[in-house]
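In what follows, a structure is listed as structure tokens, so that the remarks can point back to it.
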Amino acid sequence: MKARVLRPAFLLFILLAACAAAYAQGQIKLPPPRTEGGKPLLQALNERKSAREFSSEKLPLPVLSNMLWAAFGINRSTGQRTAPSASNKQEIDIYVATADGLYLYDGKANQLQQILSEDIRALCGTQPYVKDAPVNLIYVADLAKAGRTKTEDIEFYSGANTGFIAQNVYLFCASEGLATVVRASIDRPALAKAMKLRPDQKIALAQMVGYPKK
Ligand SMILES: Cc1cc2nc3c(=O)[nH]c(=O)nc-3n(C[C@H](O)[C@H](O)[C@H](O)COP(=O)(O)O)c2cc1C
């Protein structure tokens, strides 16, 4: 009798705990990305450049969604993406640092998963302007996903895989009139600590995105 009464209460407790956990994780559903339009490719290539002055204006969620899809979103029913990766390992994760916290881009679910609620943009690079842009993308190679790739090859492959993603972001920014610069000057141990990364998660590069300073 007691067990029969306890069981629904226990199930309710589990349900509430699950809801609380999902809320605490803070997932942001992204609007469906735009997968057509933009400037012609050759025009975007002609306008691609690095910028180091940014407006503090935030990027609207649809723009963020479009940019992340262009960067490394899923573009085929096979689950493959807008950028290639060696052996299709897809080991590069895109973290998004904003004033509201740090998020991990989940291309499959088209959502951002909150990792931290602190603003860590100032840690995303050693140059003073890194905190000025509303968005800092941090490209992290998750070596656990690289599987049986030979150890000596992993760094080359992850560097190349990151480069494709960064160039997608450059071309998206050129197409949309946004400012961006990819950066290697990062205090990696300090940033990895702030991001609470595992030892087999390696920071490759970071890239700022925002509106150009007027
Ligand atoms: C791998 C890599 C690392 C870079 N690191 C930095 C950096 O730490 N800081 C910076 O201001 N620019 C950095 N840049 C941007 C280059 O300085 C920039 O691409 C170069 O000056 C050419 O300018 P452009 O991109 O406008 O053609 C980096 C670019 C690449 C490809």
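The values are calculated or read from the model by the stated rules, or taken from the named source; none is laboratory data. Quick caveat: nothing in here was measured; it's all calculated off a predicted structure. Virtual Cβ from ideal backbone geometry, glycine too; neighbours counted across all protein chains shown.
Tabulated results
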| item | result |
| --- | --- |
| Residue, surrounded by the fewest Cβ atoms within 10 Å (Cβ to Cβ), within the stretch 38-66, restricted to residues that are in contact with an Asp or Glu (Cβ under 8 Å, 6 or more places away or on another chain) and at pLDDT 95 or above | Glu53 |
| Residue in the stretch 151-159 that is at pLDDT below 95, touching a helix residue (DSSP H, G or I) at 6+ places or on another chain (Cβ under 9 Å) and charged (D, E, K, R) present | yes |
| Ala86, sole failed condition from (1) within 16 Å of the ligand (Cβ to nearest atom); (2) within 25 Å of Ala160 (Cα to Cα); (3) of a type in the set (A, V, I, L, M) | (1) |
| Residue tally, condition part of a strand (DSSP E or B) and hydrophobic (A, V, I, L, M, F, W, C), over the stretch 105-156 | 8 |
| Check on Ile115, within 16 Å of the ligand (Cβ to nearest atom) and β-branched (Val, Ile, Thr) | no |
| Residues of the stretch 166-214 satisfying the condition of being charged (D, E, K, R), within 12 Å of the ligand (Cβ to nearest atom) and assigned to a strand (DSSP E or B) | Arg183 |
| Matching residues in the stretch 113-139 - criterion: being crowded, with 19+ Cβ neighbours inside 10 Å, in contact with a helix residue (DSSP H, G or I) (Cβ under 8 Å, 6 or more places away or on another chain) and at pLDDT 95 or above | Ile115, Ile120, Arg121, Leu123, Cys124, Ala133, Val135, Asn136, Leu137, Ile138, Tyr139 |
| Selection status of Ala99, out of contact with any strand residue (DSSP E or B) (no Cβ under 6 Å at 6 or more places or on another chain), away from the ligand (no atom under 14 Å from the Cβ) and farther than 30 Å from Lys214 by Cα | no |
| Conditions (1) over 24 Å from Cys173 (Cβ atoms); (2) touching a residue at least 40 places away in the same chain (Cβ under 8 Å); (3) within 16 Å of the ligand (Cβ to nearest atom); number of the one not met by Phe156 | (2) |
| Residue check for Asp100: within 27 Å of Arg34 (Cα to Cα) and of a type in the set (D, E, K, R) | yes |
